[in-house]
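J.: Provided herewith is a single structure, encoded as structure tokens, for subsequent inquiry.
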Amino acid sequence: MDTYELLTRNAAEVVTEEEVEALAEDPDGKRAYVGYEPSGVLHLGHLLTANKLIDLQDAGLDVVVLLADVHAYLNGKGSFEEIRDTADQMKEQFLAYGLDEESTDFVLGSDYQLDDDYELDLHELELATSLNRAQRAMAEIQGGETAKVSHVVYPLMQALDIEYLDVDVAVGGMDQRKVHMLAREELPSLGYEKRPAVHTPILGDLETGEGKMSSSEGITISMEDSTEDLQEKVNSAFCPRTRDPEGDLVNPVLELFQYHVFPRFEEVVVERPDEYGGNLEYDDYEALAADLESGELHPADAKGALADYLDDLIAPGRERLREIRGE
RNA sequence: CCGCCCUUAGCUCAGACUGGUAGAGCAGUCGACUGUAGAUCGACUUGUCCCCCGUUCAAAUCGGGGAGGGCGGACCA
């Protein structure tokens, strides 16, 4: 796989392709970043962007993981103490999941976001940005709660982070795209360069297959799920015998194979009782999806395999969580 | 600073005028049917009625106070 493909595979959007191509020419020493509001337990949403970070590391880039304690605070997630506590746990889980310790820099937002020069730049950005624009950028990130002044400061800080962390590319889910677009538009007016962005898709709801609907709320798979939890959750997932269900729906089981399993495993073995034809082996997502579509692969067998592979992916983080909690 | 409206199940809301400790839709749970899930049937569950005080035999409902949210007016020094 060539470098550009590694940088952009499974991305929902690349802004812009030209800029990322340039990055792919000479990736060594370049820096990529994702910001996360600290969370005590990682879920698949976190891991999806983490997969992209692993791709970037494989391509030779250094990765900055911003543990955005100030952002979490601005978004009403609790006191600084509580938030920083979960930030440590988050770091540990990312490392357990497979981020390379050597080329990953974990940075706490409050380490630099309270400095004078940062604050003054922030005020300049506030001056340059309409309320409307900032609110729209934040709409997908904040909960349905009442908009506070903190909510419009939040995306402006994200824009500044791109400069202050000195990164060459910003990574995030599609829910972050308006923030990144705002950053690209406004950073130059502060005398800084705009950076490209790579956006991962927002996967469909596991239970319903609904795509762009409400974020989070549905059943989500996390680092603290037991093997049995995974089997149960995956088994109850929406999974028609097609890769392209009617309407706006998607097949979440296939999505998990595509975005979580195949990027991390060379080969996928679907164990199947002899009465149904014995085991199946796949070395890429397309082959598996095609078999589901044709009927060669039954959804129930696909689910069994999915649960197993997800369990493998989560096991180290689950173990680390246990250690941290002293169990 | 003044005024108006809202707050009831996880969600959207009805019920309030004419007091008798609460309902619908959706969601959720469980079964049946499919070698998965969904769809479809069948059954079931769900509540500090925002908080406090008062009136009353009895308050989601009436009165007073408070909190949170939405909106408007005024001020424009």
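The values are calculated or read from the model by the stated rules, or taken from the named source; none is laboratory data. Predicted model only: the values in this text are computed from it and were never measured. Every residue, glycine among them, receives a Cβ derived from its backbone with ideal geometry; neighbour counts consider all protein chains shown.
J.: Return the residues of the stretch A:28-42 that are touching a strand residue (DSSP E or B) at 6+ places or on another chain (Cβ under 6 Å) and among the small types (Gly, Ala, Ser); say none if nothing qualifies. Step through it out loud before you land on a result.
T.: So in the stretch A:28-42, the residues touching a strand residue (DSSP E or B) at 6+ places or on another chain (Cβ under 6 Å) come out as A:31-35, A:38, A:41.
Once the filter is applied, which keeps residues that are touching a strand residue (DSSP E or B) at 6+ places or on another chain (Cβ under 6 Å) and among the small types (Gly, Ala, Ser), the stretch A:28-42 yields A:Ala32, A:Gly35.
J.: A:Phe106 is checked against (1) in contact with a Lys or Arg (Cβ under 7 Å, 6 or more places away or on another chain); (2) buried (at least 21 other Cβ atoms within 10 Å of the Cβ) and fails just one. What number does that condition carry?
T.: (2)
J.: Taking the stretch A:119-138, which residues are within 18 Å of A:Pro188 (Cβ to Cβ) and either assigned to a helix (DSSP H, G or I) or acidic (Asp, Glu) (or both)?
T.: Here is the first cut: in the stretch A:119-138, the residues within 18 Å of A:Pro188 (Cβ to Cβ) are A:120-130, A:133-134, A:137.
Within the stretch A:119-138, A:Leu120, A:Asp121, A:Leu122, A:His123, A:Glu124, A:Leu125, A:Glu126, A:Leu127, A:Ala128, A:Arg133, A:Ala134, A:Ala137 meet the criteria.
J.: Checking A:Tyr192 against (1) out of contact with any His (no Cβ under 9 Å at 6 or more places or on another chain); (2) part of a loop (DSSP other than H, G, I, E, B); (3) within 16 Å of RNA strand B (Cβ to nearest atom); (4) not assigned by TED's automatic domain parsing to the domain that holds A:Pro299, which test does it fail?
T.: (3)
J.: Can you pull out the helices (runs of 4 or more DSSP H) entirely within the stretch A:234-327 that have at least 1 residues that are of a type outside the set (Asp, Glu), over 24 Å from A:Glu210 (Cβ atoms) and not assigned by TED's automatic domain parsing to the domain that holds A:Thr86? It would help to see each step written out before you state the result.
T.: Numbers: elements: A:252-256, A:285-294, A:299-324.
The qualifying helices (runs of 4 or more DSSP H) are A:285-294, A:299-324.
J.: While we're here: Restricting the search to the stretch A:226-241, which residues are of a type in the set (S, T, N, Q) and more than 9 Å from RNA strand B (Cβ to nearest atom)? Explain how you work it out, then say what you get.
T.: Restricting attention to the stretch A:226-241, the residues satisfying the condition of being of a type in the set (S, T, N, Q) are A:226-227, A:231, A:235-236.
Within the stretch A:226-241, A:Ser226, A:Thr227, A:Gln231 qualify.
J.: A further question follows. Cβ-Cβ distance below 7 Å, separation of 6 or more or different chains: which pairs start in the stretch A:12-36 with a residue that is outside the structural domain of A:Asp168 (by TED's automatic domain parsing) and end on one that is in a strand (DSSP E or B)?
T.: So the pair list comes out empty.
J.: So the check is Cβ under 8 Å with 6+ separation or different chains; which pairs have a first residue in the stretch A:116-144 that's more than 21 Å from A:Gly172 (Cα to Cα) and of a type in the set (S, T, N, Q) and a second one that's away from RNA strand B (no atom under 16 Å from the Cβ) and assigned to a helix (DSSP H, G or I)?
T.: Close Cβ pairs (under 8 Å, with a partner that is away from RNA strand B (no atom under 16 Å from the Cβ) and assigned to a helix (DSSP H, G or I)) amount to A:Thr129/A:Leu156; A:Thr129/A:Leu182; A:Thr129/A:Glu186.
J.: Only one of A:Leu95, A:Leu160 is part of a helix (DSSP H, G or I) and touching a Leu at 6+ places or on another chain (Cβ under 8 Å). Can you tell me which? Don't jump to the end; show me each part of the working.
T.: Numbers: A:Leu95 fails: touching a Leu at 6+ places or on another chain (Cβ under 8 Å).
Checking each option against the conditions leaves just A:Leu160.
J.: Among the listed residues A:Val34, A:Val41, A:Val70, A:Val63, which satisfies the condition of being β-branched (Val, Ile, Thr) and assigned to a loop (DSSP other than H, G, I, E, B)? Break it down stepwise before answering.
T.: Details: A:Val34 fails: assigned to a loop (DSSP other than H, G, I, E, B); A:Val70 fails: assigned to a loop (DSSP other than H, G, I, E, B); A:Val63 fails: assigned to a loop (DSSP other than H, G, I, E, B).
The conditions single out A:Val41.
J.: Suppose we filter A:Asp55, A:Asp88 for residues that are modelled with pLDDT of 95 or more and either assigned by TED's automatic domain parsing to the domain that holds A:Leu190 or within 18 Å of A:Gln176 (Cα to Cα) (or both); which single one remains? Full working, then the answer.
T.: Details: A:Asp88 fails: modelled with pLDDT of 95 or more.
Going through A:Asp55, A:Asp88 in turn, the sole match is A:Asp55.
J.: Which of the residues belonging to the stretch A:251-295 are charged (D, E, K, R) and either surrounded by fewer than 12 Cβ atoms within 10 Å (Cβ to Cβ) or within 30 Å of A:Ala59 (Cα to Cα) (or both)?
T.: Taking the stretch A:251-295 first, the residues charged (D, E, K, R) are A:255, A:264, A:266-267, A:271-272, A:274-275, A:281, A:283-284, A:286, A:291, A:293.
Those that are charged (D, E, K, R) and either surrounded by fewer than 12 Cβ atoms within 10 Å (Cβ to Cβ) or within 30 Å of A:Ala59 (Cα to Cα) (or both): A:Glu255, A:Arg264, A:Glu266, A:Glu267, A:Glu271, A:Asp274, A:Glu275, A:Glu281, A:Asp283, A:Asp284, A:Glu286.
Table: residues versus (1) more than 14 Å from RNA strand B (Cβ to nearest atom); (2) more than 13 Å from A:Val234 (Cβ to Cβ).
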residue: A:Leu256; (1), (2): no, no
residue: A:His260; (1), (2): yes, no
residue: A:Glu267; (1), (2): yes, yes
residue: A:Glu271; (1), (2): no, yes
residue: A:Tyr276; (1), (2): no, yes
residue: A:Leu292; (1), (2): no, yes
residue: A:Gly295; (1), (2): no, yes
residue: A:Gly317; (1), (2): yes, yes
